[in-house]
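Since every read-out is calculated from the coordinates, none of them should be taken as a lab result. Fair warning: this is a prediction, and the values are worked out from it, not measured in the lab. We place every Cβ from the backbone using ideal geometry, glycine too, and count neighbours over all the protein chains shown.
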Amino acid sequence: MSDGFRVVFCETPAAVAQAGAREIMSAARSAEERASLFTLVLSGGSTPRAVYRLLASETLGRLNWQATRLLFGDERCVGPDHADSNFRMVSEELLERLPIPRQSVRRIEGERGSGDAAASYDRIVRESLEDLPGKLFDVVLLGMGGDGHTASLFPGRDYASDGALLAVPATAPPASPIRDRVSLTLRAISRSRRVVYMVTGEDKRSMLARVLDAMKRGGDPALPASMVTSAGEVVWLVDRAAHP
Ligand code: 6PG
C-alpha cells in the first residue's frame, strides 16, 4: 500500500482476471466471517467479462451466492436486453450461470432515461448501504477508459454538482454509441472496503501512468479515475501491456 493505492502487476489479461476473482473471493470470505451479506458492485466494459466467467466457473459451491448482493457501477440508458447493456453482459456471464436470487441483484433501469433511472438508483444505493456493516460495500470493481474515465464519470464532470448524491445522470463523449448513462458518484464508490480496478492493454498504458501519478498527488479532477478513493484500499490489477 502506498499513496492510498496499490498496483499489482499481472503478466497477462488472464492473470488480471484471476487476480480479480481472488480479490472477490477473499472479500467474500471476510464478509462470511463477519456473518454479513457480501456486497459486490460490478463494472461494465469488456475487461471484467473474464472475471465474471471465472466466478461463474469456479465459485459454484465455494461462495455462498445466496448471501450476496450485486449492484452496478454504471449503466447505459438502454433496456436490459440491449447489446450495450451492462446488465445484459453480467446476466450472460454470471447471473444465468450461478444460483443468485433475482432479488439480490439491483440493476440500474437505464430504459427509464438517465434522470429517472439515476434518481431511483440513488435511493437503491442509499438503502443498500444502510443495512451494511460500517455502511460500506465490500468490493467496487472498476475499469479505466483511455481518456481517464471510470464508471461513467467522464473528464469534464462537475463533481461539485453531484453533492451528496450516490447515483447521477452522466453523458459519455460524442464518439460513444450510447451517450446517456447513469453512474455511481465518487462519494458512492468511496463507501467501499476495497476498490478493484482492472486495466489491460497497451492503449491504456500512457493514461494509466498519468492517473497513477495524479493519484499520488491526491487526484486530478480532469482525470476521474484518479479521484477515486475508498474507506479501505484501492487496488490496481494491471497487465504487462498496460503497466507504465
Ligand atoms: C462501462 C464502464 C467503463 C469501463 C471503462 C473500461 O460500462 O463501460 O463501467 O468505465 O470500465 O470504459 O472499459 P474496458 O474494460 O472495455 O476497456
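The table that follows gives values for the structure above.
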read-out: Percentage of interatomic Cα-Cα distances in the chain larger than 31 Å; value: 15 percent
read-out: The stretch 107-229: relative contact order as a whole-number percent, Cα under 8 Å and 6+ apart; value: 30 percent
read-out: Relative contact order [Cα under 8 Å, 6+ residues apart], the stretch 28-76, whole percent; value: 57 percent
read-out: Axial C-alpha extent at least 18 Å, average Kyte-Doolittle at least -1.0 - helices from the chain (DSSP); value: 13-33, 114-130
read-out: Rough spin-label spacing in nm, given labels placed 7 Å along Cα→Cβ, for residue 127 and residue 209; value: 4.7 nm
read-out: Among 73, 201, 148, residue whose mean-square fluctuation peaks in a GNM of the chain (springs only between Cα atoms under 10 Å); value: 201
read-out: Cα-based Rg and Dmax for the stretch 60-118, where Dmax is the largest Cα-Cα distance (Å); value: 12.3, 39
read-out: Most fluctuating residue given options 215, 198, 144, as computed from a GNM of the chain linking Cα atoms under 10 Å; value: 215
read-out: Positive-pole candidate from 170, 101, 86, dipole of the chain, charges at beta carbon; value: 101
read-out: Furthest towards positive pole of dipole, 186, 150, 200, structure part the stretch 137-244, Cβ charges; value: 186
read-out: Long-range tail of P(r) for the stretch 1-143 (Cα pairs > 22 Å, %); value: 40 percent
read-out: Nearest-20 debye value, the stretch 175-224 charge dipole, Cβ charges on Lys, Arg, Asp, Glu; value: 300 debye
read-out: Filtered trypsin sites (Lys or Arg not before Pro), the stretch 140-244: DSSP coil and at most 12 other beta carbons within 10 Å; value: 217
read-out: Cα-derived Rg to Rh of the stretch 139-224, Kirkwood definition; value: 0.94
read-out: Residue 11-residue 171 pseudo-label distance in nm [points 7 Å out on the Cα-to-Cβ vector]; value: 4.6 nm
read-out: Average silhouette area of the stretch 192-244, convex hull of alpha-carbon atoms, in square nanometres; value: 3.4 nm²
read-out: Highest-MSF residue in the chain out of 153, 132, 223 [GNM, Cα springs under 10 Å]; value: 132
read-out: Mean separation of Cα contacts under 8 Å (6+ apart) over length of the chain, as relative contact order %; value: 26 percent
read-out: Convex hull per residue volume in Å³, alpha carbons only, for the stretch 1-77; value: 127 Å³
read-out: Cα gyration tensor category, rounded, prolate or oblate, for the stretch 74-175 with a/c compared to 1.5; value: oblate
